[in-house]
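So the structure is just underneath, and the comments pick up after that.
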């Protein structure tokens, strides 16, 4: 999931996983699609992780927290979309690291969502 040097995930390469989202619209439907995409990207195992879990269920570790426990939220501010959550599994963090804040953009060439750390 977090395969880039800055810790943000590489979007899935599977064409079926590309959400059909218009980021220019501030609607509940857009917010919900972004929420679902963030859950799939940040709170769900990769296909490789799921395959390993099927092969060896005893070695599989579930995600540390659920999206609800982490207080995952999607916000539209200043014409941009953001996903935020508390990285609770990391323990006592300094105030500036108590929330993960990522700006959501759509790659025009691939049609996938990209997340950029704020």
Exercise. So how far apart, in nm, are the two label points at residue 117 and residue 71 if each is 7 Å from Cα heading toward Cβ?
Worked result: 2.1
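Taking only the Cα atoms of the range 23-117, how large is their convex hull per residue, in Å³?
121
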Seminar exercise, completed: Going from the fewest other Cβ atoms within 10 Å to the most, one would list 107, 20 as 20, 107
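Multiply the residue separation of residue 26 and residue 88 by 0.36 nm, subtract the distance between their alpha-carbon atoms, and state the gained length in nm to one decimal.
Working: separation 62, 0.36 × 62 = 22.32 nm, distance 2.87 nm.
Length gained, residue 26 through residue 88: 19.4 nm.
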Problem set entry | Taking 99, 81 and counting other C-beta atoms within 10 Å, the order from fewest to most | 99, 81
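Bear in mind that the values in this text are calculations on the coordinates, not laboratory data. Here the structure is a predicted model, which means the values were calculated and not measured. As a convention, Cβ positions derive from the backbone with ideal geometry for all residues, glycine included, and neighbour counts pool all protein chains shown.
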